[in-house]
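The values are calculated or read from the model by the stated rules, or taken from the named source; none is laboratory data. All of these numbers come straight from a predicted model, not from anything done at the bench. Note that we place each Cβ from the backbone using ideal geometry, even for glycine, and neighbour counts take in every protein chain shown.
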Amino acid sequence: MDHQTIIQYLRRWQVAPADALAAQVEACGGAWLPDEVQLALAAEKGNMPVSPALAENREMVRTLMGYSSDLLERSLYLGANRVPAALFCVDGLAERMQVMTILESLAVQSHREAVPTDSVDGCLTTLQQMIPSVTLRSVTSLGQALEALVTGDTILFVDGMPFALVLPTDGPPGRQPDEPLTEPVVRGPKDGFTETLSDNLALIRRRIRDDRLRIERFTLGERSKTRVVITYLMGIAPPEMVQEVRNRIGRIQADAVLESGHVEELIEDDPFTIFPLLKVTERPDVATAGMLEGKVAVLVDGSPNVLLMPSTLVAEMQSPEDYYHRWPISSFVRALRYLYLLIAFLGPSIYVAITTFHQELIPTNLLTNLIAAREGVPFPAVMEALMMELTMEALREAGVRLPKVVGQAVSIVGALVIGESAVHAGLVSPVMVIVVALTAISSFIIPLYAMALAVRLLRFFLIVLAGTFGFFGIAVGLMALFVHLNTLRSFGVPYLSPIVPPTLADQRDVFIRVPWWAIRRRPRFMPAVDYPRSGPDNRPRPPQPQGGQAR
């Protein structure tokens, strides 16, 4: 560590507070700089200009990076006049093949022409000609250079030039865009978002080949420097909503943003609801379909989960496969999905209410069988339901957390063994096992995992109300739930749209789906700018008879 070079740099460029920092460095002698001195230098890196002296830049980069072991440095000479230069990159962030290509280009071209050292523009032009494979940009502060360095770019310092060249080399090989595990489909695209931001943007552009597709970048996280992108279709997405998304993301002040879930919690309308107010998807076709309706997508580097806003309860219950099968099949499956949503939500609570308070509603033969099945069970129905539901949740969570090889087997075998053993031990009745199993299967039909979690949590609330007050408790719970849902907003859009307030034109794509040729306009509850989405003459017709005679 060359302390004299650091002191010379600080005093030459009067980095505030230059004298105090120089004194702290000088007091260390030849020893390693203490943490407090390194932190003081790091706090001022935004005010540190790139020095024309190559030695000062090299030492400052090494010091500000803490002489990190993954900081790679390569000394080289540029041009026929052999101008000294230094190239920096971070191992693992910069793509090795791109760095090697840049070094080969510099080595080959350096023997052909000289690099001007008396003109900044001339130097930039010459270096761009030497490295035609990338687009160079220059920065004039060490803070900007280090920010590019830790995001995967390569930095080139040239002796005598008061700037650093940023060469885009970020993007180490990531996983392929395989089919999302949480949103599988039988018919439809099999690719999904990955953890690489550039790949995700390419998947969107592959589906929307329109020059009106807008992509805006942000950097969030004081330490993580996470790249966040909002993308939308200009002319369809309302400008007011786009500006609101910008404002909410711009207000985020965090130490680090590691996943899109961090952004989701910081920009949603109501932080205390258990319902997802933003739609989360790993499927590019779902994201682009939402953008074509006027929604805004938010992508976070390092996360395959894309946020779509605004979202509604109806959108959370839609599957991408609803739009790939024929409309009668899709309508039947969607109606079935809403039916089983009610079973997943109300099944155990209705059973508890009937067996505890309203036995008169049960036919005599069935009531006799239920009494015989519950004979010897030491717990009331509400405790029985809560124990079985908690056990099912534990098995479901174990299946998720365990390795894939054994997770599914544990959840299935565990449910069978525990259910059978509990019945034989007389702890629960066989009917309760059937009710809980049917409820669990019904919850699997909900397309989005976040919505299924909300339903599973509310199920316990209704079971307690049913066990305490019977059907009256269920009615009170449902009314409270409806009031809560009616107060929710997602970027200003009512969460129950288009059911409440009712929009007749939008009912074509709620509980059923009409044919594509009948969906001519975008959803009216969405404040889209351009509502028409298809022509008036798309309805398929048989061939016209020739000569006016039917064939």
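Out of curiosity, is P189 over 16 Å from the mean Cα position of the chain (by Cα) and at pLDDT 90 or above? Write out each step before concluding.
Details: over 16 Å from the mean Cα position of the chain (by Cα): yes; at pLDDT 90 or above: yes.
Answer is yes for this residue.
Among R223, R251, R205, which is within 24 Å of R522 (Cβ to Cβ), over 16 Å from the mean Cα position of the chain (by Cα) and in the same structural domain as V306 (by TED's automatic domain parsing)? Lay out the reasoning, then the answer.
Values: R223 fails: within 24 Å of R522 (Cβ to Cβ); R251 fails: within 24 Å of R522 (Cβ to Cβ).
Only one candidate qualifies: R205.
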query: Would the range 63-71 turn up any residue that is in contact (Cβ under 8 Å) with a residue 60 or more places away in the chain, aromatic (F, W, Y) and under 18 Å from V166 (Cβ atoms)?
result: no
- line: Checked the range 122-163 for anything surrounded by fewer than 18 Cβ atoms within 10 Å (Cβ to Cβ), among the hydrophobic types (A, V, I, L, M, F, W, C) and either out of contact with any strand residue (DSSP E or B) (no Cβ under 8 Å at 6 or more places or on another chain) or over 17 Å from M60 (Cβ atoms) (or both); matches are L136
- prompt: With respect to V90, is the statement that it is assigned by TED's automatic domain parsing to the domain that holds L64, farther than 16 Å from R137 by Cα, part of a loop (DSSP other than H, G, I, E, B) and in contact with a strand residue (DSSP E or B) (Cβ under 7 Å, 6 or more places away or on another chain) true?
  reply: no
- prompt: If a residue has to be farther than 28 Å from G152 by Cβ and either touching a helix residue (DSSP H, G or I) at 6+ places or on another chain (Cβ under 7 Å) or among the hydroxyl-bearing types (S, T, Y) (or both) to count, how many in the range 202-235 make the cut?
  reply: 1
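Within the range 319-351, take every residue that is of a type in the set (S, T, Y) and part of a helix (DSSP H, G or I) and give me the one that is farthest from the chain's Cα centre (by Cα). Full working, then the answer.
Our first condition is that a residue be of a type in the set (S, T, Y); within the range 319-351, this holds for 319, 323-324, 330-331, 338, 340, 349, 351.
Next, only the ones that are part of a helix (DSSP H, G or I) stay: 323, 330-331, 338, 340, 349, 351.
Values: Y323: 23, S330: 27, S331: 29, Y338: 26, Y340: 28, S349: 34, Y351: 38 Å.
Among those that are of a type in the set (S, T, Y) and part of a helix (DSSP H, G or I), it is Y351.
Identify all residues within the range 506-521 that are aliphatic (A, V, I, L, M) and touching a strand residue (DSSP E or B) at 6+ places or on another chain (Cβ under 7 Å); write none if there are none. Steps first, answer last, please.
Let us first name the residues in the range 506-521 that are aliphatic (A, V, I, L, M), namely 510, 512, 514, 518-519.
I519, the sole residue that qualifies.
Mind checking which helices (runs of 4 or more DSSP H) fall wholly inside the range 227-318 and carry at least 2 residues that are not hydrophobic (A, V, I, L, M, F, W, C)?
Details: elements: 239-250, 260-267, 284-292, 313-316.
Output list reads 239-250, 260-267, 284-292.
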task: Could you identify the single residue in E393, E420, E384, E375 that is in contact (Cβ under 8 Å) with a residue 40 or more places away in the chain, in the same structural domain as G473 (by TED's automatic domain parsing), farther than 16 Å from F444 by Cα and charged (D, E, K, R)?
output: E384
- prompt: How many residues, within the range 96-121, are surrounded by fewer than 18 Cβ atoms within 10 Å (Cβ to Cβ) and out of contact with any Lys or Arg (no Cβ under 8 Å at 6 or more places or on another chain)?
  reply: 17
